[in-house]
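S.K.: Got a structure here, written out as structure tokens. Questions coming.
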Amino acid sequence: MRPPEPLLSMPLSFAVGLLLTVFPLPDVLVFWRPDWLNLLLIFWILNHPARAGVWTAFVVGVIVDLVMADTLGVYALSFAVTAYLCRLFIRRARVSSLLATSMLVAFLLAVALTIRFVAYSLVGLSQTHWQYWLPVLTSALAWPFVVMSLQRWR
């Protein structure tokens, strides 16, 4: 049986991911927030590569830059590079176990955070605290829940 087309579910999931990204958290939990939009981009690229790709990631990144009132292009660049790398590993990820795919997600998110770190360093807004890297761990732990939540479109 062919999975249903994600015509409405993809933008809806990105809207929910954007809400989860901008939802205020206590100061203690801010660094523990998973990178929801990157997780959703990776999911859609792995499962519907014809509908989601580098341009989708770039547009979502620009929207995040505008909503977060952040340096324009930082999220767009990191999301686009993550999408490109995800497309490179798409065959391996499709046949891998959920644990191996979680490790791939952790790698992709580490690359995205590194790109953001370098971009913020270039404009003088770098994060030097070790907690900056915690979303890699929490996103890798949240990956199975994202896959289970959107399993209908796999």
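S.K.: Pairs of Cα atoms under 8 Å, at least six residues apart: use those to get the relative contact order of the chain, whole percent.
M.R.: Worked out over the chain, it gives 29 percent.
S.K.: Counting only helical runs of four or more DSSP H residues, what would the 222 nm mean residue ellipticity of the chain come to if each run contributes -39,500 (n - 2.57) and the total is spread over all its residues?
M.R.: It lands at -21500 deg cm²/dmol.
S.K.: Another one. Using r as the Cβ-Cβ distance of ARG152 and VAL30, and R0 as 30 Å, what FRET efficiency do you calculate, to the nearest 0.05?
M.R.: In this case the efficiency is close to 0.45.
S.K.: In addition: Run the simple label-point estimate for VAL95 and ARG51 please: 7 Å along Cα→C-beta, distance reported in nm.
M.R.: 2.5 nm
S.K.: Another question, then. Any idea how far apart THR128 and LEU141 come out in nm if each label point goes 7 Å out from Cα toward Cβ?
M.R.: My value for the distance between the label points is 2.8 nm.
S.K.: State in Å² the accessible area per residue of region 69-154; use a 1.4 Å probe, count heavy atoms of protein chains only, and round to the nearest integer.
M.R.: Value for region 69-154: 58 Å² per residue.
S.K.: Turning to a different aspect of this structure: Whole percent per 5 Å bin, from 0 to the bin with the longest distance: what is P(r) over all C-alpha pairs of the chain?
M.R.: All Cα pairs, binned at 5 Å, distribute as 2, 9, 19, 24, 23, 13, 7, 3, 1, 0, 0 percent.
S.K.: Against the longest principal axis of the chain, how steep is helix 98-122, in degrees 0 to 90 to the nearest 10, with axes from Cα atoms?
M.R.: In the chain, helix 98-122 runs at an angle near 30 degrees to the longest axis.
S.K.: Any chance you could give the angle, 0 to 90 degrees and rounded to 10, that helix 134-149 forms with the longest Cα principal axis of the chain?
M.R.: The angle comes out near 20 degrees.
S.K.: May I ask you to give the percent of accessible area on the chain that is carbon plus sulfur, with a probe radius of 1.4 Å?
M.R.: About 71 percent, which is the carbon plus sulfur part of the accessible surface.
S.K.: Continuing with this model, one more query. Pulled fully out, how much extra length does the chain show between LEU72 and VAL118, if you take 0.36 nm times their separation in residues and subtract their Cα-Cα distance?
M.R.: Gain on stretching LEU72 to VAL118: 15.1 nm.
S.K.: Further, regarding this structure: With no solvent and one equal point scatterer per Cα, compute the Debye intensity ratio I(q)/I(0) for region 23-89 at 0.14 Å⁻¹ and report its log10, rounded to two decimals.
M.R.: For region 23-89 at q = 0.14 Å⁻¹, log10 I(q)/I(0) is -0.43.
S.K.: Can I ask one more? Once both axes come from the Cα atoms, what is the angle between helix 36-47 and the longest principal axis of the chain, in degrees from 0 to 90, rounded to 10?
M.R.: 30 degrees
S.K.: So, one more: Rounded to the nearest whole Å², what accessible area per residue is found for region 14-59 with the 1.4 Å probe?
M.R.: 52 Å²
S.K.: Could you order TYR84, TYR132 so the one with the most accessible surface comes first? Probe is 1.4 Å.
M.R.: TYR84, TYR132
The values are calculated or read from the model by the stated rules, or taken from the named source; none is laboratory data. Model, not experiment: these values are computed from the prediction. Heads up, the Cβs are rebuilt from the backbone with ideal geometry, glycines too, and the neighbour counts pull from every protein chain shown. Accessible surface is based on the protein model in full, side chains and every heavy atom, while ligands, DNA and RNA are left aside. Shrake-Rupley method; radii C 1.70, N 1.55, O 1.52, S 1.80 Å.
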